[in-house]
Amino acid sequence: MSIASEPSTTGELPTSDQQIQTELLSVAGIRCAACVQLIEFRVSQLTGVESFRINPISQKAQLRWDSARLSLKEIIQSIVDLGYAAFPANQSLSEYQAKEKKITLWRLFVAGFAMMQVMMYAFPAYLVPVPEIDGDLTPDLDRLLKIASLVITIPVITFSAVPFFRGAIRDLRQRFIGMDVPVSLGILLTFFASSWATFFCGAVYFDSAIMFVFLLLGARFIEDNVRQKTSAALSVLTQIHPTMAQKLPNYPSRDLLISCRADEVQRGDYLLVPAGEQIPCDGELIEGRSECDEALMTGEAHPVSKKAGDMLIAGAVNLHSPLVMRATQVGNDTQLANMIAMMESASLEKPRLVALADKHASRFLFAILVIAILSGIVWAWIDPDRALWIAISVIVVTCPCALSLATPGVMSAAIGQLAKFGMLMTKGSSIENLANLTHVVFDKTGTLTYGKLKLVNAVYLNSIGNQQGDLDQRKKLIATIAGMSLHPAAKAIADGLLSLQSQSPVVSELVIKHSQELAGAGIEVSIGEQTYRLGRLDYVNALSQSEWQIPSEFRNKSVSVFGDQEQVLAFFVMEDGLREESAAAVRELQEQGKVVVLLSGDRQDVVAEVAQQCGIVDFQADLSPAQKHAYILQLQQQGAIVAMIGDGMNDGPALSLANVSVAMGQGAPISQTRSDCLLMSNRLSDFTFSMELAKKAYRLIRQNLAWALLYNVIAVPAAVLGFLEPWHAALGMSLSSLLVVVNGLRLFNLKPADYELPVR
């Protein structure tokens, strides 16, 4: 949970901005789009609430409110008053969900058992009706069977159907029409009308009422499982948040150390961060000197030197020495929490077809009730004995279960199937974008290639100075500098040089005075009076003001250059193998009519060779992260729907802009947190499969919505004209719901052509 802003120590009142907080809530009990509309509308009306949005699939709500005017407890209570359960998202719902699932199964069992019994009692009336209508069933036996049906139906009405009645009462109290209102009307009217007919003669429809309850409960049980599967797929986003912290309440004394949860830290607290631990919040380094892995936020996976006065980022890992920090941003105000909130917010987006259906759900329900009432009034003039049953049939047959199940079933099947074959979806709306892509943009290193560089040649050009002496000492110096970076090229150089040395790279007589790494360029280190650079050719040349060029025989290779203020001293040639499936994946995308583009920060000749091997005509080299971003923006301005695939070292801005962003599973955490999809298998063939599956999923969603609409267009006139009895309506409604669920399950039949191959 978020922590309220700390009062100003100067006596001034904090600004309103300091009181605005965000919170992620879990909301249980949501059944349909009308439920979402009701909760969002009522909470948004509370004084102090700026925004409130619910994802009905994950049942998570993103809240933004002014804590100076309204407490979180009051907001949660307002949701509870509506008849739903609400919890802070950091509290587990497993116990609540387990209890609800157990009760739901009992309700389903009672309704199913009663349905079988009542069907047995109703069966003779259909086959051998009473003598008044030329049957063999005696009136006494007929009444006995009706009374037995009534007795068996009572537990269904008083226990199994209770969730519908509670929902209807809740909606009516709020002057809102939800799906539970027509459902409850249909159940109660059928029950009481049949009860009257039991004692005063007439047809009874206890079997229809029980069947209606049973099928609705079954549909809701399926829908709950759909939500839980989808929610589990999305929960991976929050697993990166730090959980524990160590307070120093008597700082500068360290005589007392208190362990606590990270969400209990307040602004101004002094914290001890041991080596190897995550930094629990944003803050200022007060004491100590170390390096921190900030790959989660910066994208460039390398340690960042930290000294007193520097800022620390929540979620970063302290690599070497213990640090003392003062908390400045805590809870949901940290950069990491904001990033996670952005991802959760992105998951609230829905395909446009779904949003359109949700928008009109409440209006549809209201229209159905009006039609049912008018039908009853008209038939009261035509045939009073049939008026009530026709009104009931209209309500039951148009119950929007098919409409509410049209999307969640397909989405759950799509997400589950994609996850099974290596693609983890973190944004539901990306299904629609994947289905309509026009351009696919690839990064090179770590995407089309494996991203595992190997040193194949080291060339030393000049003496490094008297103090280094022999060649072995030079190699140790370069290996030491390369080892300070986690960039793939630097790691390849360090590993390659270490394999040639019998000793560890130690330059003990020299003191490293300064080190700095520039994302996408290289690393600079000051040792004694000398400054060295290791990285791109232009970066190293800028230090020595030289115009040295890589020899022509190496210009189609990945090369890193090493030099000082005077000259280039060495260069290192590396190889990065092309993924086995890269060319085939590109070819398949092109056959599907997609425009494939390669954007890379590597040299022109290296990028050109990879593009040629993959059959890519449109490629750009020597691009900075900002230039990649600008290129994708230009495509979008021309009307393109763009997917960006990258490993994330320099792809964060481009990934955040693309219509569909795909991060490789071995990529940097920043790319994964900014992406709609995670290609956990690292196989590009699984990406092409995801596009095929997305197309089919989007097509099935449209089919389901079209069927739900067509069904109601046909069923409503049939019910109004008296062609449907209540049991016909219940059966039609149930079959309609079953159809959209089964249609969504067709996605499980779709598999990659090479799915039996092992994942690399």
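Within straight cross-link reach of residue 751, meaning Cα distance under 20 Å, which lysines are found once same-chain residues fewer than 8 apart are removed?
Correct list for residue 751: 229, 420, 695, 696.
Stretch residue 311-residue 117 to full length: gain in nm at 0.36 nm per residue minus the Cα-Cα span?
Additional length available on full extension: 62.8 nm.
So what are the three principal axis dimensions of region 244-334 from its Cα atoms, in whole Å, longest to shortest?
Projected onto the principal axes, the Cα atoms of region 244-334 cover 36, 27, 20 Å.
Could you list 170, 42 in order of exposure, starting from the residue whose Cβ has the fewest other Cβ atoms within 10 Å? Please report the intermediate quantities before stating the final value.
Details: 170 20, 42 17.
Going from least to most buried by this count: 42, 170.
Any idea how far apart residue 166 and residue 529 come out in nm if each label point goes 7 Å out from Cα toward Cβ?
8.2 nm
Modelling each spin label as a point 7 Å along the Cα-to-Cβ direction, I'd like the residue 250/residue 287 distance in nm, to one decimal.
1.3 nm
With each label point set 7 Å from Cα along the Cα-Cβ vector, what nm distance links residue 538 and residue 518?
1.0 nm
So what's the gap between the Cα centers of region 313-335 and region 562-585, to the nearest angstrom?
Here the two parts' Cα centres lie 35 Å apart.
For the residues 320, 439, what sequence is obtained by ranking on other C-beta atoms within 10 Å, fewest first? Intermediate values should be presented prior to the final figure.
Values: 320 15, 439 21.
Listing 320, 439 from fewest to most nearby Cβ atoms yields 320, 439.
Mind giving me the FRET efficiency for residue 158 and residue 617? R0 is 56 Å, r the Cβ-Cβ distance, nearest 0.05 is fine.
Once rounded, the FRET efficiency stands at 0.20.
Can you spot the lysines whose alpha carbon is less than 24 Å from residue 475's alpha carbon? Ignore those fewer than 8 places along the same chain.
452, 454, 491, 513, 557
By how many nm would the segment from residue 718 to residue 592 lengthen if fully extended, with 0.36 nm per residue of separation less the alpha-carbon distance?
41.0 nm
Using the number of other C-beta atoms within 10 angstrom as an exposure proxy, rank 628, 475 with the fewest first.
The most exposed by this proxy come first: 475, 628.
A short reminder: the numbers here are calculations on the coordinates, not readings from a lab. This structure is a prediction, so every number in the text was calculated from the model and none was measured. Heads up, the Cβs are rebuilt from the backbone with ideal geometry, glycines too, and the neighbour counts pull from every protein chain shown.
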